[in-house]
1. Hey, among Leu310, Leu227, which residue is in contact (Cβ under 8 Å) with a residue 24 or more places away in the chain, surrounded by fewer than 21 Cβ atoms within 10 Å (Cβ to Cβ) and assigned to a helix (DSSP H, G or I)?
2. Looking at Lys240 and the list (1) open to solvent by less than 10 Å² (accessible area, probe 1.4 Å); (2) not β-branched (Val, Ile, Thr); (3) not in a helix (DSSP H, G or I), which single condition is not satisfied?
3. Out of the residues in region 332-357 meeting the condition of being open to solvent by 60 Å² or more (accessible area, probe 1.4 Å) and touching a residue at least 24 places away in the same chain (Cβ under 8 Å), tell me which one is farthest from Asn380 (Cα to Cα).
4. Of the conditions (1) under 30 Å from His296 (Cβ atoms); (2) at pLDDT 95 or above, Thr369 satisfies every one except a single condition; which number is it?
5. If you take the residues of region 1-49 that are in contact (Cβ under 8 Å) with a residue 40 or more places away in the chain and hydroxyl-bearing (Ser, Thr, Tyr), which of them is surrounded by the fewest Cβ atoms within 10 Å (Cβ to Cβ)?
6. When the residues of region 75-109 are narrowed to those that are more than 21 Å from Gly144 (Cα to Cα), surrounded by 18 or more Cβ atoms within 10 Å (Cβ to Cβ) and touching a strand residue (DSSP E or B) at 6+ places or on another chain (Cβ under 8 Å), which ends up modelled with the highest pLDDT?
7. I need every pair where a residue in region 364-379 that is among the hydroxyl-bearing types (Ser, Thr, Tyr) has its Cβ under 9 Å from the Cβ of a residue that is open to solvent by 20 Å² or more (accessible area, probe 1.4 Å) and part of a loop (DSSP other than H, G, I, E, B), sequence separation at least 6 or different chains.
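The values are calculated or read from the model by the stated rules, or taken from the named source; none is laboratory data. It should be emphasised that the depicted structure is a prediction, and the values quoted were computed from it without experimental measurement. Here the Cβ is made from the backbone with ideal geometry for all residues, glycine too, and neighbour counts use every protein chain on show. Please note that ligands, DNA and RNA were not included when accessible areas were found on the heavy atoms of the full protein model with its side chains. Shrake-Rupley method; radii C 1.70, N 1.55, O 1.52, S 1.80 Å.
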Amino acid sequence: MKSISLDITKAAQFLQSGAIQAYESKVKAAQEALENGTCPGNDFLGWLHLPSSITPEFLNEVQCVADTLREKCEVIVVAGIGGSYLGARAVIEALGNAFAWLVNDKQNPTILFAGNNIGEDYLSELTEYLRDKRFGVINISKSGTTTETALTFRLLKKQCELQRGKQQAKDVIVAITDAKKGAARTCADKEGYKSFIIPDNVGGRFSVLTPVGLLPIACAGFDIKALVGGAADMEKATGKEVPFEQNIAAQYAAVRNALYNEAGKKIEIMVNYQPKLHFVSEWWKQLFGESEGKEHKGIFPASCDFTTDLHSMGQWIQEGERSIFETVISIEQSNRNLLFPNDEENLDGLNFLAGKHVDEVNKMAELGTRLAHVDGGVPNIRISVPALNEYYIGQLIYFFEIACGISGNVLGVNPFNQPGVEAYKKNMFALLNKPGYEAESKAIQDRLK
């Protein structure tokens, strides 16, 4: 079986000779701190050896629940925000048919995602859509009180019970939550929902290989055993005993920090040439942004979908401020075949492409863009993925997770907390006059006068 690979040559040329190798000792120390549990945030390292610790029996249990939902539901709504939905959505959209929503396939229920915003129009349209559907809900929340998710689940729970009856509704509502405490746990126990546990030592953005990600992915019809298998193989390939020059996660962490500290590159643009990878980039942005953006430090994670965004952001990337570098996810082999046809009139002048695979044209667009951007002063890192399937997506997930843990430690921050996220919540609760926030509410009202 092949593996994903990393090419940093078009990034190294923007650094002084030996700059990346100079980070080898820092990267090694960072990874040893992860392994030894001596790094900041060491109570959130449950993801580190998660792939190799998942048992076939556990995967069978997840699959069994997924099969029940698939049998009883034509639509499954995943209620969660941040890491509670981005990982699952990344995998499902990367592997799925872009137009599957047009297909009335009874074996593959439509997977929808909600609980990640407070849009009244969005939620109203969702509930209207579900009125004549046999739907179920996967409620993902450790506390059960996260505003966006809790609000959405309250709406969906009541609607599901009205449409199915309370007894049948409990068979199609699944809770993924804390083992013992919190509103979601209390509700699940009271109502008799099937539930899975979010491990205390796994943060949301690292949770895709827990039931948080595995259950929705299985519900969508994808092979979670292959996904975990790919992640487990990448866990071995990026272990602390693997030499630096062979450890692609260590190299990625090193080159990112070298570009940041030595070359002043403050923005990393995650680029794909495969539209199915849009939500992989969204997951990656949370993973690195929430992990590294602390203490006024950290590379700003951005993303572009090429070639689409070359017609909007291409000018800035080519000739704008040189504070950026690109990381390109390149898919070596497409899953489908489509040839350009010949046209007798050739009004568009594209007959020179007749008989070529669409992917061949896409690959030349990718290569041409990389060359142009490097010539324009943009360092380029390339992650090559043999194909879009569960195994390689599993590899990619763990690669980014371990690289993020190493990189954050090299940067000198705690990669596993997110204290800044609480600031907006405190203000929002105060503005909504939530009980217990009276002092904050008065302070904000005074500021607004």
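1. Working: Leu227 fails: surrounded by fewer than 21 Cβ atoms within 10 Å (Cβ to Cβ).
After ruling out the rest, the residue left standing is Leu310.
2. Every condition holds for Lys240 apart from (1).
3. Asn335
4. Result: Thr369 fails condition (1) only.
5. That would be Ser5.
6. Checked region 75-109; the qualifying residue modelled with the highest pLDDT is Ile92.
7. Thr369/Thr307
Residue-wise test of (1) outside any loop (DSSP other than H, G, I, E, B); (2) open to solvent by 50 Å² or more (accessible area, probe 1.4 Å); (3) at pLDDT below 95.
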| site | (1), (2), (3) |
| --- | --- |
| Phe279 | yes, no, no |
| Lys285 | yes, yes, no |
| Phe288 | yes, no, no |
| Lys297 | no, yes, no |
| Ala302 | yes, no, no |
| Gln318 | yes, yes, no |
| Glu321 | no, yes, no |
| Val328 | yes, no, no |
